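The values are calculated or read from the model by the stated rules, or taken from the named source; none is laboratory data. It should be emphasised that the depicted structure is a prediction, and the values quoted were computed from it without experimental measurement. Using ideal geometry, Cβ is built from the backbone for each residue, glycine included, and neighbour counts are taken over all protein chains shown.
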Amino acid sequence: MTSPAYKRVLLKLSGEALMGDDPYGINRATIERMVADVSEVAKLGVELAIVIGGGNIFRGVAPGAQGMDRATADYMGMLATVMNSLALADAMRQAGITARVMSAIAIEQVVEPYVRPKALQYLEEGKIVVFAAGTGNPFFTTDTAAALRGSEIGAQIVLKATKVDGVYSADPNKDPDATRYSTITFDEAISKHLQVMDATAFALCRDQKLPIKVFSIVKPGALKRVIMGEDEGTLVHV
Ligand code: UDP
């Protein structure tokens with residue numbers, strides 16, 4: 001059997017991916033399927049850290065938050081990511097996987113705070129670490145948290161799980177001629193105005209020479225194929 005292409009990865013799951021076909025919240029069947037995908041990869045011995053978004057529960061810039069102070073709304077968004085992280089860790093516990101949630105915002109009765117050496121220790125012990133509360137700062141996103149934590153833990157790649165199976169030359173929902181890039185450089189993505197991650201996250205990955213793989217979370221087995229280094233999704237590299 002061939003071995004995984006990576007030893008340590010940072011997986012970014014959007015909060016919206018947890019909704020399944022529901023209008024909001026956490027869809028049980030969807031989270032269980034995600035955990036099954038994660039479990040398959042963890043069994044290969046890959047050290048896995050996860051950043052999960054909060055868009056399924058709350059988005060700071062959403063219409064429901066209109067009129068709210070932006071920073072306050074963003075803190076609510078970060079708390080939503082804590083809820084998703086707890087749900088994900090608990091679903092992993094039920095599946096027999098050991099996970100630790102670490103929060104960028106201190107809420108110690110609920111989850112332990114993010115402490116980098118502790119996170120590294122958990123990863124070395126084979127535990128899955130779920131980074132909650134984004135970067136801990138308003139005006140950022142969980143994509144940026146993924147780029148930041150990925151850089152901090154020395155991940156070899158950021159795996160961005162989305163509903164689309166990669167980066168396309170145009171919006172595949174609108175343009176039938178849109179084609180998927182198998183690989184693309186950071187510079188090409190910028191010059192072609194392709195949206196891979198938000199600009200802050202993208203710039204950080206580029207500076208740190210941290211590659212990004214965009215792939216589909218809804219496609220069965222895609223995470224494992226990505227981990228095995230197969231041609232799945234789009235690899236954005238230096
Ligand atoms: N957020 C924030 N700072 C961070 C990460 C997230 O303020 O470092 C807030 C922001 O309001 C954002 C919300 O949390 O809209 C949910 O995160 P995100 O939109 O990245 O979640 P996703 O789109 O992945 O579900």
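Which residues, taken from region 114-155, are under 16 Å from the mean Cα position of the chain (by Cα) and free of Cβ contacts under 8 Å to residues at least 40 places away in the same chain?
T135, E152, listed by residue number.
What residue, of V164, V218, V238, V196, is over 22 Å from I50 (Cα atoms) and of a type in the set (A, V, I, L, M, F, W, C)?
Testing whether each residue is over 22 Å from I50 (Cα atoms) and of a type in the set (A, V, I, L, M, F, W, C) leaves just V238.
So, in region 131-158, of the ones that are away from the ligand (no atom under 13 Å from the Cβ) and assigned to a loop (DSSP other than H, G, I, E, B), which residue ends up farthest from M78 (Cα to Cα)?
Across region 131-158, the extreme among qualifying residues is Q156.
For residues in region 176-213 being acidic (D, E) and over 14 Å from H237 (Cβ atoms), which is surrounded by the fewest Cβ atoms within 10 Å (Cβ to Cβ)? If you could, list the steps in order and put the result at the bottom.
So in region 176-213, the residues acidic (D, E) come out as 177, 187-188, 198, 207.
Now drop any that are not over 14 Å from H237 (Cβ atoms), which leaves 177, 198.
Details: D177: 8, D198: 14.
Within region 176-213, the match that is surrounded by the fewest Cβ atoms within 10 Å (Cβ to Cβ) is D177.
State all residues of region 61-75 that are under 14 Å from G136 (Cβ atoms) and either buried (at least 18 other Cβ atoms within 10 Å of the Cβ) or of a type outside the set (A, V, I, L, M, F, W, C) (or both); if no residue qualifies, say none. Give the steps one after another, and end with the answer.
Let us first name the residues in region 61-75 that are under 14 Å from G136 (Cβ atoms), namely 71, 74-75.
Residues satisfying the conditions are D74, Y75.
I need a count of the residues in region 100-153 that are among the small types (G, A, S) and in contact with a Gly (Cβ under 7 Å, 6 or more places away or on another chain).
First, pick out the residues of region 100-153 that are among the small types (G, A, S): 103-104, 106, 119, 126, 132-134, 136, 145-147, 150-151.
Adding the requirement that they be in contact with a Gly (Cβ under 7 Å, 6 or more places away or on another chain) leaves 104, 145.
Here the count works out to 2.
Exactly one condition in (1) surrounded by 18 or more Cβ atoms within 10 Å (Cβ to Cβ); (2) in a loop (DSSP other than H, G, I, E, B); (3) more than 9 Å from the ligand (Cβ to nearest atom); (4) at pLDDT 95 or above is false for D165; which is it?
Among (1) surrounded by 18 or more Cβ atoms within 10 Å (Cβ to Cβ); (2) in a loop (DSSP other than H, G, I, E, B); (3) more than 9 Å from the ligand (Cβ to nearest atom); (4) at pLDDT 95 or above, D165 violates only (4).
Which residues, counting only those in region 5-17, are under 16 Å from A222 (Cα atoms), in contact with a Lys or Arg (Cβ under 9 Å, 6 or more places away or on another chain) and surrounded by fewer than 24 Cβ atoms within 10 Å (Cβ to Cβ)?
S14, A17
Taking V9 as the residue in question, decide whether it is more than 8 Å from the ligand (Cβ to nearest atom), within 24 Å of V214 (Cβ to Cβ), touching a helix residue (DSSP H, G or I) at 6+ places or on another chain (Cβ under 8 Å) and outside any helix (DSSP H, G or I).
Working: more than 8 Å from the ligand (Cβ to nearest atom): yes; within 24 Å of V214 (Cβ to Cβ): yes; touching a helix residue (DSSP H, G or I) at 6+ places or on another chain (Cβ under 8 Å): yes; outside any helix (DSSP H, G or I): yes.
It is true that V9 is more than 8 Å from the ligand (Cβ to nearest atom), within 24 Å of V214 (Cβ to Cβ), touching a helix residue (DSSP H, G or I) at 6+ places or on another chain (Cβ under 8 Å) and outside any helix (DSSP H, G or I).
This table checks each residue for (1) touching a Phe, Trp or Tyr at 6+ places or on another chain (Cβ under 6 Å); (2) not polar (S, T, N, Q).
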position: R149; (1), (2): yes, yes
position: K160; (1), (2): no, yes
position: S169; (1), (2): no, no
position: C205; (1), (2): no, yes
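Which residue pairs have Cβ atoms under 9 Å apart, sit 6 or more places apart or on different chains, and have a first residue in region 23-40 that is over 18 Å from I57 (Cβ atoms) and a second that is part of a helix (DSSP H, G or I) and basic (K, R)?
Once the first residue is over 18 Å from I57 (Cβ atoms) and sits in region 23-40, its partners that are part of a helix (DSSP H, G or I) and basic (K, R) give D37/K224; E40/K224.
V111: among the aliphatic types (A, V, I, L, M), surrounded by fewer than 19 Cβ atoms within 10 Å (Cβ to Cβ), away from the ligand (no atom under 12 Å from the Cβ) and without any contact (Cβ under 8 Å) to a residue 60 or more places away in the chain, yes or no? Give the derivation first.
On the way: among the aliphatic types (A, V, I, L, M): yes; surrounded by fewer than 19 Cβ atoms within 10 Å (Cβ to Cβ): no; away from the ligand (no atom under 12 Å from the Cβ): yes; without any contact (Cβ under 8 Å) to a residue 60 or more places away in the chain: yes.
For V111, the condition - among the aliphatic types (A, V, I, L, M), surrounded by fewer than 19 Cβ atoms within 10 Å (Cβ to Cβ), away from the ligand (no atom under 12 Å from the Cβ) and without any contact (Cβ under 8 Å) to a residue 60 or more places away in the chain - is not met.
When you go through I52, I57 one by one, which is the residue that is near the ligand (Cβ under 10 Å from one of its atoms) and within 30 Å of T2 (Cα to Cα)? Break it down into steps so the answer makes sense when it comes.
Details: I57 fails: within 30 Å of T2 (Cα to Cα).
Just a single option satisfies the conditions, and that option is I52.
For region 69-78, state whether one or more residues are under 22 Å from V164 (Cβ atoms), within 17 Å of the chain's Cα centre (by Cα) and modelled with pLDDT of 95 or more. Break it down into steps so the answer makes sense when it comes.
Looking only at region 69-78, we keep the residues that are under 22 Å from V164 (Cβ atoms), and these are none.
No.
Scan region 18-29 and give yes if some residue there is out of contact with any helix residue (DSSP H, G or I) (no Cβ under 8 Å at 6 or more places or on another chain), outside any loop (DSSP other than H, G, I, E, B) and surrounded by fewer than 18 Cβ atoms within 10 Å (Cβ to Cβ), otherwise no.
Yes, because at least one residue in region 18-29 is out of contact with any helix residue (DSSP H, G or I) (no Cβ under 8 Å at 6 or more places or on another chain), outside any loop (DSSP other than H, G, I, E, B) and surrounded by fewer than 18 Cβ atoms within 10 Å (Cβ to Cβ).
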